[in-house]
Amino acid sequence: MAKVMTINSGSSSLKFKLYEMPEEKVLCSGNCERIGLPDGIFTIKYGDKKDVTNPSFPNHGVAAKLVVQSFIEKGIIKDFNEIKAIGHRIVQGGKYFSASAMFDADTEAKIESLVPLAPLHNAAHLTCFRAFKEVLPNCPAIATFDTAFHQTMSPADYTFPIPYELTEKYDIRRYGAHGTSHKYLAQEGIKYLEGVKNPRIISCHIGSGASITAIENGKCVATSMGLTPLGGIMMGTRTGDMDPSVFNYVVSVTGKSAEEVYQMFNKKSGFLGVSGISNDSRDVLAAAEKGEPHAVLANQIFNRRIADFIGQYYVRLGGCDLIVFSAGIGENEPRTRRDVAHLLESALGVKIDEELNMSIRGKEALISTPDSKIKVAVIPTDEEVMIARDAYNMCIVGKYYEIESKNC
Ligand code: ADP
């Protein structure tokens, strides 16, 4: 048994979970929010307790120290040395990483070189890695990349049709995102496909950020997000794919700078931009049910984009055995699942048990009817457990083997 911590850091937040491995028992979890602001929020859940306090975290270093100190104060561990490995979630691994990697100087340098592709995320991940290195200097760490699962795509699936010298010189291509989640969904989804040869899964990670992935035999063949998480289907505040000339046209008609329009496409578009109401699908659905026309339109675009990608990936995979819905909307919003299933019904023969579907929120279930041509499941995603498994296997089981082989 060993205690392994997972870290998911953003520019102003730091989410953590402490596991007992290999049992995958969660000992505690929590979040440091509003890092860098005077009034931080620290939440920690352990056993059946939940404590919320308002310390100030001037930086990630202070937050990291507070997290591990709180483990001792709350009796979750007795000594820092009980934490045997840390797994950090990293958003962008570029072309370098097709699997998790030990967080050594080389990995650090590569993540640093990828900061221009994910400025907010990768920079925050590095700050956080260095903060924990200072607090727990002897604890080994790994990096688990959101892009790694998508590295099995072929060039025809990941290359953008721009002048090829740009592709080569600047590594401009589709990297995708949410890879750890899609990998988890593929591994969990396989249980519904016993006896199916070369199982084909389309996984829909639909939260406030959203992506859809085509998976054959456990490997990603195509994914909707692109160079950055702006691509693919429409999202809470992001446009998803559009005619690229919209960008230039908006710059020219509004007089805004390219950067301002880029921020608009990332932060003021999607559900928020079309509905003018909210980036949260719950608010937009509520308004749509009252007949608010922009909310109705936002929902129509969203559902259609999901169905379009499923149709595209059905063709890409030469069929499909299972569609999985996951993440905030996919797990908790039966109306979106129902409306997408209706859009797929006449072409793909997808049928869901509508009554069962309406009762499924935040839990796993097979929601397709027995005569549906494609099975449809809701599977709550768990990116953290994937990171904890890799950290345990690479830092503890791997270390054990290394010691064993040295002893031989
Ligand atoms: P992200 O990780 O990209 O921030 P999440 O996967 O947490 O996003 O999804 C957040 C979105 O999921 C919210 O904006 C909301 O639209 C939707 N959502 C979350 N919880 C629920 C719920 N209980 N019922 C319906 N929709 C929900």
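The values are calculated or read from the model by the stated rules, or taken from the named source; none is laboratory data. Just so you know, these numbers come straight off a predicted model, no measurement behind them. Here the Cβ is made from the backbone with ideal geometry for all residues, glycine too, and neighbour counts use every protein chain on show.
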Taking segment 200-230 and the residues there that are in a loop (DSSP other than H, G, I, E, B) and either at pLDDT below 95 or under 24 Å from R338 (Cα atoms) (or both), the one that is nearest to the ligand (Cβ to nearest atom) would be G207
Qualifying residues in segment 212-242 (those that are among the charged types (D, E, K, R) and either touching a strand residue (DSSP E or B) at 6+ places or on another chain (Cβ under 6 Å) or crowded, with 22+ Cβ neighbours inside 10 Å (or both)) - the one nearest to A118 (Cα to Cα): R238
Can you name the condition, by its number, that G330 falls short on among (1) within 16 Å of the ligand (Cβ to nearest atom); (2) touching a strand residue (DSSP E or B) at 6+ places or on another chain (Cβ under 6 Å); (3) outside any helix (DSSP H, G or I)? (3)
K375, sole failed condition from (1) crowded, with 23+ Cβ neighbours inside 10 Å; (2) more than 16 Å from the ligand (Cβ to nearest atom); (3) under 25 Å from the mean Cα position of the chain (by Cα): (1)
List every residue pair whose Cβ atoms lie under 7 Å apart, where the two residues are 6 or more positions apart in sequence or sit on different chains, the first residue falls within segment 310-322 and is closer than 14 Å to V196 by Cα and at pLDDT 95 or above, and the second residue, located anywhere, is in a helix (DSSP H, G or I) and not aliphatic (A, V, I, L, M). C320/Y314; L322/G189; L322/Y192
Considering F325, F302, which residue is closer than 16 Å to I215 by Cα, within 13 Å of the ligand (Cβ to nearest atom) and in contact (Cβ under 8 Å) with a residue 24 or more places away in the chain? F325
Name the single residue that is nearest to N332 (Cα to Cα) among those in segment 229-284 being of a type in the set (D, E, K, R) and within 22 Å of the chain's Cα centre (by Cα). R282
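Let's see how each residue does on (1) touching an Asp or Glu at 6+ places or on another chain (Cβ under 7 Å); (2) part of a loop (DSSP other than H, G, I, E, B); (3) within 16 Å of the ligand (Cβ to nearest atom); (4) not β-branched (V, I, T):
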residue: V246; (1), (2), (3), (4): no, no, no, no
residue: F265; (1), (2), (3), (4): no, no, no, yes
residue: A288; (1), (2), (3), (4): no, no, yes, yes
residue: Q312; (1), (2), (3), (4): no, no, no, yes
Among the strands (runs of 3 or more DSSP E) contained in segment 20-67, which hold 2 or more residues that are buried (at least 16 other Cβ atoms within 10 Å of the Cβ)? 25-33, 41-46
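I'd like the full set of residues that are touching a residue at least 60 places away in the same chain (Cβ under 8 Å) and either more than 22 Å from A327 (Cα to Cα) or surrounded by fewer than 21 Cβ atoms within 10 Å (Cβ to Cβ) (or both), limited to segment 378-388.
Answer for segment 378-388, where residues must be touching a residue at least 60 places away in the same chain (Cβ under 8 Å) and either more than 22 Å from A327 (Cα to Cα) or surrounded by fewer than 21 Cβ atoms within 10 Å (Cβ to Cβ) (or both): D382, V385.
To keep it simple, each residue is scored yes or no on (1) closer than 30 Å to D79 by Cα; (2) not in a helix (DSSP H, G or I).
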{"residue": "F132", "(1), (2)": "yes, no"}
{"residue": "N138", "(1), (2)": "yes, yes"}
{"residue": "I142", "(1), (2)": "yes, yes"}
{"residue": "Q151", "(1), (2)": "no, no"}
{"residue": "A156", "(1), (2)": "no, no"}
{"residue": "L166", "(1), (2)": "no, no"}
{"residue": "K169", "(1), (2)": "no, no"}
{"residue": "I172", "(1), (2)": "no, yes"}
